[in-house]
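*Asks:* Take this structure first; my questions come after.
The values are calculated or read from the model by the stated rules, or taken from the named source; none is laboratory data. Worth saying up front: this structure is predicted, and the values here are computed from it rather than measured. Please note: Cβ atoms are built from the backbone with ideal geometry, for glycine as well, and neighbour counts cover all protein chains shown.
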Amino acid sequence: MSKLILTHEVTGLGAPGDVVDVKNGYGRNFLIPQGFAVAWTRGGEKQIESIKAARTAREHATLEEAQDLKARLQATTVKLTVKAGEGGRLFGSVKTSDIANAVEAAGLGSVDKRKIEITAPIKVTGEHEATIRLRDEIVATIALSVVAAK
């Protein structure tokens, strides 16, 4: 087992600034190369405070604001216009940054692209879903309408 400090949100493991024990291979082969974690050291303890401060700054200020945003996100279908070929196949795929930009363009407020989770790659036009983790305890599921650009 190795001790790591998370620098990004990892579903099922923890939030930025958390110190976690993971198997050596998981940490060495996935978390550290992807930039999701750094090795825990005594000097790294100082890093934890700055990571947690940045995380709280990015979180929505209050619980009420987060619940209000969740209600607005779930009540609206967000429209994404993308380049597509025949049969509705996209050139590439929809990324979390595309979803964050579409949410902001729809006038629903800004969301951090790192908080958006897509269960399967979106590579065709049509109706899809994504989840946004607004706070640790509040997760909004949004409906996406992916349409081809004319």
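*Asks:* Could you pull out the residue among Leu80, Leu90, Leu73 that is among the hydrophobic types (A, V, I, L, M, F, W, C), part of a helix (DSSP H, G or I) and in contact with a strand residue (DSSP E or B) (Cβ under 9 Å, 6 or more places away or on another chain)?
*Replies:* The unique qualifying residue is Leu73.
*Asks:* Applying the selection to segment 30-52, what residues are farther than 18 Å from Val10 by Cβ and small (Gly, Ala, Ser)?
*Replies:* Matches in segment 30-52: Gly43, Ser50.
*Asks:* In segment 82-110, which residue that is free of Cβ contacts under 8 Å to residues at least 24 places away in the same chain and of a type in the set (A, V, I, L, M) is farthest from Ala66 (Cα to Cα)?
*Replies:* Among those that are free of Cβ contacts under 8 Å to residues at least 24 places away in the same chain and of a type in the set (A, V, I, L, M), it is Ala105.
*Asks:* Just for strands (runs of 3 or more DSSP E) wholly inside segment 103-150: which have at least 3 residues that are in the same structural domain as Gln67 (by TED's automatic domain parsing) and aromatic (Phe, Trp, Tyr)?
*Replies:* Counting at least 3 such residues, we get no strands (runs of 3 or more DSSP E) at all.
*Asks:* Return the pairs, sorted by first residue and then second, in which the second residue is part of a strand (DSSP E or B) and not hydrophobic (A, V, I, L, M, F, W, C), the first residue lies in segment 4-19 and is outside the structural domain of Arg135 (by TED's automatic domain parsing), the beta carbons are less than 6 Å apart, and the residues are 6+ apart or on different chains.
*Replies:* Once the first residue is outside the structural domain of Arg135 (by TED's automatic domain parsing) and sits in segment 4-19, its partners that are part of a strand (DSSP E or B) and not hydrophobic (A, V, I, L, M, F, W, C) give Leu6/Gly14.
*Asks:* For the structure I just gave you, tell me whether Ala66 is within 30 Å of Val146 (Cα to Cα), at pLDDT 85 or above and assigned to a helix (DSSP H, G or I).
*Replies:* no
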